[in-house]
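These notes are about the structure you will find just below.
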Amino acid sequence: MPIDETERKRRRDLVHAHMAAENAHDLEAILATFSAGASGLLNQLPIAGDEAIRQAHVLLGLSSAPGALLGTRIVPEREHISDDEIIVEGRVFTQHVGPFFGLAPTNAQVELFYTAVYRFDADGKLASEHVKMDLGPLDARWKPFA
């Protein structure tokens, strides 16, 4: 269903508030952007419900609690807006300090490219966040174009 410019701006502002909360490592503010029963995907792995969304953000170093990544900073570079979703492309800068999907910590500072797709519910909150992230730099064996 088509949306008007007011709704487009409100959705864009919500996504920007979500990313600002992630960069502030404010887990409660992050969770406040999601609707009840929201879901997500991280590289096609399902994240369903408030607790799973909380744990995923902790794992990614987006809270004050210890996770696999530390000091995570999200840098959005491009955004694409349609009537159904907002897609953000960007980079994540972080330090790999704990096990992450079977990858042993390297303690290296890394740059990870990502694409995030945000969908919205009828009440104006995030219904879902689907993230695809290049995890190659987290693997100690990773050598770009070597």
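The values are calculated or read from the model by the stated rules, or taken from the named source; none is laboratory data. Small disclaimer: the values here were computed from a predicted structure and weren't measured. Cβ placement follows ideal geometry from the backbone for every residue including glycine, while neighbour counts extend to all protein chains displayed.
Would you confirm whether or not the stretch 44-61 contains a residue that is under 13 Å from the mean Cα position of the chain (by Cα), assigned to a strand (DSSP E or B), buried (at least 18 other Cβ atoms within 10 Å of the Cβ) and not aliphatic (A, V, I, L, M)?
Within the stretch 44-61 (the criterion being under 13 Å from the mean Cα position of the chain (by Cα), assigned to a strand (DSSP E or B), buried (at least 18 other Cβ atoms within 10 Å of the Cβ) and not aliphatic (A, V, I, L, M)), the answer is no, since none of the residues qualifies.
Name the pairs whose Cβ atoms lie under 8 Å apart, with the first residue in the stretch 5-25 and within 18 Å of Asp121 (Cα to Cα), the second exposed (fewer than 14 other Cβ atoms within 10 Å of the Cβ), and 6 or more positions between them or separate chains?
The qualifying pairs are Arg10/Gly124; Arg11/Gly124; Leu14/Gly124.
For residues that are modelled with pLDDT of 95 or more and among the polar types (S, T, N, Q), scanning just the stretch 1-38, find the one that is farthest from Arg78 (Cα to Cα).
Result: Ser35.
Assuming Arg8 fulfils every condition listed in (1) closer than 23 Å to Phe113 by Cα; (2) touching an Asp or Glu at 6+ places or on another chain (Cβ under 9 Å); (3) in a helix (DSSP H, G or I) apart from one, which condition is it?
Arg8 satisfies every listed condition except (1).
Mind checking whether some residue in the stretch 71-93 is touching a helix residue (DSSP H, G or I) at 6+ places or on another chain (Cβ under 6 Å), in a loop (DSSP other than H, G, I, E, B) and touching a residue at least 40 places away in the same chain (Cβ under 8 Å)?
no
Looking only at the stretch 16-43, which residues are crowded, with 19+ Cβ neighbours inside 10 Å and among the small types (Gly, Ala, Ser)?
Within the stretch 16-43, Ala21, Ala38, Gly40 meet the criteria.
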